Amino acid sequence: MTRFILAIALSAALAAPAFAQTAAPVIAPGDAARGKDIYMRDACYTCHGTTGASTSFVGPKLAHAGLTANRILRQLRQPQAQMPAYTEKVLSDKDAADLIAYVLSLSEGPSPSGKDIPLLNR
């Protein structure tokens, strides 16, 4: 009986990574520049701030928040708080992918060399 339970436990442990891989969203990589346009057009900045730093009490901080594409997509489609739902009818999968790429880019810092900081390159 103990071998049987051990065999079931081992099978479940080995199958877990396969289930985890299928849980990822089926959405193509997006264009962050286009996503920024959508972020501004759809007024995401009114709650989350223009840089994702959230200067209001309404929307949470997006920049440097450790968000994943899957989590952002889930929040867009089935929001957990006051945010309206951005269903496929409201925001296409392509637009959602671009918006997600932009939100993820908000967490990227300047390069260690400082080459992308204009003030340092005069």
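Points to keep in mind about this one:
- Within segment 40-92, the residues that satisfy the criterion of being within 13 Å of the chain's Cα centre (by Cα) and among the charged types (D, E, K, R) are 61, 71, 74, 77.
- Restricting attention to segment 56-86 and to residues that are among the polar types (S, T, N, Q) and closer than 24 Å to residue 33 by Cβ, the residue that is surrounded by the most Cβ atoms within 10 Å (Cβ to Cβ) turns out to be 75.
- Segments classed as helices (runs of 4 or more DSSP H), wholly inside segment 16-101, with at least 1 members that are among the charged types (D, E, K, R) and at pLDDT 90 or above: 32-41, 69-77
The values are calculated or read from the model by the stated rules, or taken from the named source; none is laboratory data. Note that the structure is a prediction, hence the values are computed from the model and not measured. Methodologically, a virtual Cβ is constructed for each residue, glycine included, from the backbone with ideal geometry; neighbour enumeration extends over all protein chains shown.
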